[in-house]
1. By how many nm would the segment from Val280 to Met436 lengthen if fully extended, with 0.36 nm per residue of separation less the alpha-carbon distance?
2. Just flag the GluC sites (Glu not before Pro) in the range 398-503 sitting in loop per DSSP whose Cβ has no more than 16 other Cβ atoms within 10 Å.
3. When the solvent-accessible surface of protein heavy atoms is calculated with a 1.4 angstrom probe, in what order do Leu200, Leu311 fall, highest first?
4. For the chain, report the convex hull volume of the alpha-carbon atoms normalised per residue, in Å³, without decimals.
5. Please label the shape of the range 120-196 as rounded, prolate or oblate, based on the square roots a ≥ b ≥ c of the eigenvalues of the alpha-carbon gyration tensor (a/c under 1.5 means rounded; beyond that, a/b larger than b/c means prolate, else oblate).
6. Just to be sure I understand: of the beta bridges DSSP finds with both ends in the chain, what percent are antiparallel, rounded to 5?
7. Per residue, how much accessible area does the chain have with a 1.4 Å probe, in Å²?
8. Along the positive direction of the dipole of the chain (beta-carbon charges: Lys, Arg +1; Asp, Glu -1; about the Cα centre), which of Leu16, Gln295, Pro205 reaches farthest?
Amino acid sequence: MKSITKNNIRTSFYPLWQQYNRYKAYLLRYPKSGNGFEAISRAKMIEYNKVRIHGAKPIFCYNPFVNLFFNIYGNAIACCRSHTNVLGTYPNQSIKDIWFGGKINKMREHMIHNDLNMGCEYCKLQIESNRFHSLPSIHSEKFATDKHDVFPQILELELSNTCNLQCVMCSGRVSSSIRKHRENLPPIVSPYDDAFVDQLEEFIPHLKMICFYGGEPFLIDLYYKILNLVIKINPAIKIYVVTNGTVFNQKIANLLQSVYFMLSVSIDSLKPELFSQIRVGAKLDEVIENFKKFQKLTNGNTIISHTPMRLNWDETPDIINFCTQHNVRVGLSYVEGPAKFALWSFMPDKLDEVYKFYQNVQFESTANHYTAIYNIQVFNEWKEQVKFFRDNNRNILLSYKDINQSFNNSLIQVQLFYKRLYEIIPNNCITYEQAMSVIDYLVIKKPRIPVHLDMLNNIVSDMEDIIKKGTVVKAKQVLKDTNSFTEYLQQYLNEDLFWAKYY
């Protein structure tokens, strides 16, 4: 006979609770647009509230009221996806001044009106495509409040980019290895010091959760200092760590057993070769072994984060099955960039292929019923977002009306601007005829598609800028020989960059 536990009771009543929230979603009164605020539509709020993990609520996001995120540059923001809306900067301002400051209060006013026009572009896209399980407001849902004068209940820390991997979809902002070896840039100097840790002491007693990001959190020394302080002051806190799963030792094991830890382990492929191709510097068998240790030490409070992209989109169903078999929830990360790895940069026909592949997926049956329901729901939202990308990209292509006429007009502009340009550049560059020959080979003899039209328009814009400013340095660089000019044109013949304008 199955033992009666809080978890069993919770899962037994979950379907009834979910049904209650579906009804509640229609009964709630939602903010409306007006007085300078642009509210999320009632229809979208209803759809979101139907699947909201912690129940239907009138406000879309509570992050500015309960959450504070510090990124590697010292910037305080409302969540991990709101980097453009800086609420304050350490050490120019104290943590307390930022939290009780005017900028964050302004953002709170926007959120009370369900207005996402203060750095919330990521969530706008997710809402538009009905992909709710990936929203960065999930952490804050449990502690929802709209009070302005309380201390934060969640603290998210991205204080260092120290990392041992060079993941292909990542950047030097969050990986010291990429910054050093791939970008050939000097290390980012972290502004965080002992004074920052001292300021945290006032906040720690009020926290319900603290989150550690990287880089690789288990390689960041400052985090251990903060963790020890947190455990000493507030041992009832929940600690959340996003790890690449490559680092494990006795020190970590002791920490995981000392307080309530939740871990997210990144696994982007179950094929060793592809896994190492994506997560450069990591080995699949080591990460899987560590994942199992983490799962045991956290009493099952470990999830798997998976990033579907061009390289591995067909493996996402296998990852879902793997998660369900191990009774862990999955989180699907959205690739905002680089465009060359993101699914949204596929042409519509390719996205249609991906969508149809997902539609035909049959998931394996499992004893982990409620985990399976959750994971399949997450997958279905991702599948529908692929459909959204497909339809959106089709509409983008259709917006280029009478492309032949537009192409001819832009080509005439290119020819006119280059004739004017050749009046001011030196004779040691390639001739006008040679330049037109390269354009003819790369563009004119190819199918007339929007990316080629965009290339012509970008050339016109460049040349117009050069002629207007009277500077010929760039022109001399790109026109010194046919190879240089070909490279210059090819930078604009990039479908990834074309689609990136729209996402």
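1. Extra length available between Val280 and Met436 comes to 52.0 nm.
2. Of the GluC sites (Glu not before Pro), the ones in loops of the range 398-503 whose Cβ has at most 16 other Cβ atoms within 10 Å are Glu423.
3. Leu311, Leu200
4. Output value, Cα hull per residue: 190 Å³.
5. oblate
6. Taking every DSSP beta bridge with both residues in the chain, the antiparallel ones total about 20 percent.
7. Ligands and nucleic acids excluded, the figure is 48 Å² per residue.
8. Toward the positive end, the furthest listed residue is Leu16.
The values are calculated or read from the model by the stated rules, or taken from the named source; none is laboratory data. The structure displayed is predicted, hence computed values, not measured ones. Cβ atoms come from the backbone with ideal geometry, glycine included; neighbour counts cover every protein chain shown. When the accessible area is computed, the model is the full protein with side chains, heavy atoms only, and any ligands, DNA or RNA have been set aside. Shrake-Rupley method; radii C 1.70, N 1.55, O 1.52, S 1.80 Å.
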